[in-house]
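The next block holds one structure in the form of structure tokens; read it before the comments.
Computed from the coordinates by the stated procedures, all read-outs in this text should not be read as laboratory data. Since the structure is predicted, the reported quantities are computational estimates derived from the model, not experimental observations. For neighbour counting, all protein chains shown are included, and Cβ atoms are generated from backbone atoms with ideal geometry for every residue, glycine included.
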Amino acid sequence: MLKQKFKAQADKLGEEIKQILKEHGDTVIGEIKLSQIYQGMRGMIALISETSLLDAQDGIRFRRHTIDELRQKLPKAKEGGEPLPEALFYLMLVGEIPTKEEVDTLSAILQRRSHVPMYVYETMKALPTETHPMTMFVVGIMALQAESVFAKRYAAGMSKKDYWEATFEDTLDLIARIPHIAAYVYRRKYKEGKILHPDGLLDWAGNFAHMLGYDDEEFKELMRLYMVIHADHEGGNVSAHTTHLVGSALSDPYLSYAAGMNGLAGPLHGLANQEVIKWIFEMQRELKTESPTSEQIKQYVEKTLAEGKVVPGYGHAVLRKTDPRFIAQMEFGKKHMPDDPLVNTVWRIYETVPPILQSLGKVKNPWPNVDAHSGALLVHYGLVEYEYYTVLFAVSRALGVLSSLCWDRALGMPIERPKSVTTAAVKRWLNKEVENLGD
Ligand SMILES: CC(=O)SCCNC(=O)CCNC(=O)[C@H](O)C(C)(C)COP(=O)(O)OP(=O)(O)OC[C@H]1O[C@@H](n2cnc3c(N)ncnc32)[C@H](O)[C@@H]1OP(=O)(O)O
Ligand SMILES: O=C([O-])CC(=O)C(=O)O
């Protein structure tokens, strides 16, 4: 059983960590420059996250498997198709690639746990329809928090040794229920509240596509790919770090995930996926063409920069090459919609933007990230409501941040509380008025 398998892996790793710390706990792993504490802690190794690891050149690896490898090795809904996101969740939790049978069992477990109480829908319904989909979504998650096993058991006096199990239960419940909340947000906001019933025979992402109202088999494949590639990006990104941080106070998985998703809703992070399509639509409107030329794109990019704005979908805090998640989506586009004008515009932007950003001399990574591509694929299938795109990202990110939270509690991670200092304290230290920074 998945739970027992996870616990056995966690116990094994817990022992190894104990030993590592016993032998090497005092080993110095690097030095911190003053600039780093003013500049977003870039490059500082400060966290442990077991589910994935980011390489600046090669991109994300989930348990050492690249996106390419996952697309080949993970079980699929159909021959030659995209990997099943449940399989990635299993891999992140247990560290092993599951068999198709194991994934099917997990899909069935998620189906069984997917009931969302009526009051959660009523809470979301109370919001005006103009409310941003991410706000509606997080309100839904917060309403659902009343269901938390962790919160109930903690209130009843749960022992530390059981935290992992309560977190595991909440994680499975949340992953099962999140697509239902997300689909409700879409149908309520954009489809006059006409809710679609789940299809119990479909996998997690296939059923999500169905509940959104997209039964095209190709769209279901896109959802499977989308849910895999957005799931995790090691531990330091805003959504993963926030979920981990809030969870470290023993806030339950509902509270922790909701907190992380409020971070995902920022335009420099997950909201960039809506900003990209908004920016392209504005460009098309302004230039009065569906397919702007490279020269027209160049001028529009220069205008964007002159207005003091960022080019959405480009740049990254860690990556220094084209995001392999962008490439995976480009491959999907080449296979399924090579002549789509909007998708072709995204590819022309890819040829045009990097040299312009490079020429600024300050942008550390001029290449596209995951968000530069995702919207165009969705528009192709008719999902044009770009304000909704970050909710899709949030559904996927649940797989990574919640499996990480299971690891946090299973490994007995403590409350996170780094030290901060004031600039006055920095000045006192630089002037040698005090011996240690922070005194
Ligand atoms: C899923 C994800 O979260 S992926 C990221 C999604 N976000 C985006 O696509 C938004 C556009 N990109 C950006 O704003 C940035 O590249 C970030 C937020 C992703 C990374 O930020 P940083 O690590 O600070 O980037 P970097 O060190 O390269 O920034 C240096 C300078 O280049 C600028 N810069 C970086 N990327 C861009 C860009 N795409 N367009 C214009 N300027 C940029 C920064 O704003 C900064 O300018 P400043 O010194 O005047 O403040
Ligand atoms: O790694 C980051 O900082 C942002 C990102 O691409 C992600 O979270 O998917």
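Share of pairwise Cα-Cα distances greater than 16 Å in segment 335-439 is 76 percent (whole percent).
Using a cutoff of 8 angstrom between alpha carbon atoms and counting only pairs six or more residues apart, the relative contact order for the chain works out to 21 percent.
Taking N as the number of residues in segment 149-271, what is its Cα Rg relative to 2.2 N^0.38 Å?
Computed over Cα atoms of segment 149-271, the ratio equals 1.20.
Summarising the amide proton neighbourhood of SER52: residues at separation of 5 or more, or on other chains, whose placed amide H is nearer than 5 Å comprise ARG63, GLU234.
Using the count of nearby Cβ atoms within 10 Å as a rough guide to exposure, how do ILE280, ILE327 rank from fewest to most? Could you put the intermediate results ahead of the total?
Values: ILE280 24, ILE327 18.
Least to most surrounded, the residues fall as ILE327, ILE280.
So how strong a dipole does the chain carry about its Cα centre when Lys and Arg Cβ are +1 and Asp and Glu Cβ are -1, to the nearest 20 debye? If you can, show how the numbers build up before the last one.
Working: 52 positive and 57 negative charges, 158 e Å.
Dipole size: approximately 760 debye.
Sorting 151-159, 369-377, 94-102 by average packing, meaning the other beta carbons within 10 Å per residue, from highest down gives 369-377, 94-102, 151-159. Counting only DSSP H runs of at least 4 residues, each contributing -39500 (n - 2.57), and dividing by the residue count of the chain, the helix-based mean residue ellipticity at 222 nm comes to -19000 deg cm²/dmol. May I ask which residue of HIS316, PHE6, ALA183 lies farthest towards the positive end of the charge dipole of the chain, with charges of +1 (Lys, Arg) and -1 (Asp, Glu) on Cβ and the Cα centre as origin? Looking along the dipole axis, the top candidate is HIS316. Put in line by how crowded their Cβ is, counting other Cβ atoms within 10 Å and starting with the fewest, TYR184, TYR90 read TYR184, TYR90.
Take every Cα-Cα pair in the chain and report what % of them are more than 34 Å apart.
Values: 32455 of 96141 pairs.
Beyond 34 Å sits 34 percent of the P(r) for the chain.
Taken over the Cα atoms of segment 272-386, the convex hull encloses 95 Å³ per residue.
Per residue, the average separation of C-alpha pairs within less than 8 Å and at least 6 apart gives segment 272-386 a relative contact order of 40 percent. Summary of packing: across the peptides 232-239, 384-391, the per-residue average of other C-beta atoms within 10 Å ranks them, highest first, as 232-239, 384-391.
Between segment 73-134 and segment 367-422, the C-alpha centres lie 14 angstrom from each other.
Distance distribution P(r), segment 1-153, all Cα-Cα pairs, bin width 5 angstrom from 0: 2, 7, 10, 11, 13, 15, 16, 14, 9, 4, 1, 0 percent.
Alpha carbon centre of segment 289-339 versus segment 209-264: separation in Å? Taking the Cα centre of segment 209-264 as reference, the centre of segment 289-339 is 23 Å away. Footprinting exposure proxy ranking of HIS115, HIS132, fewest other C-beta atoms within 10 angstrom first, gives HIS115, HIS132.
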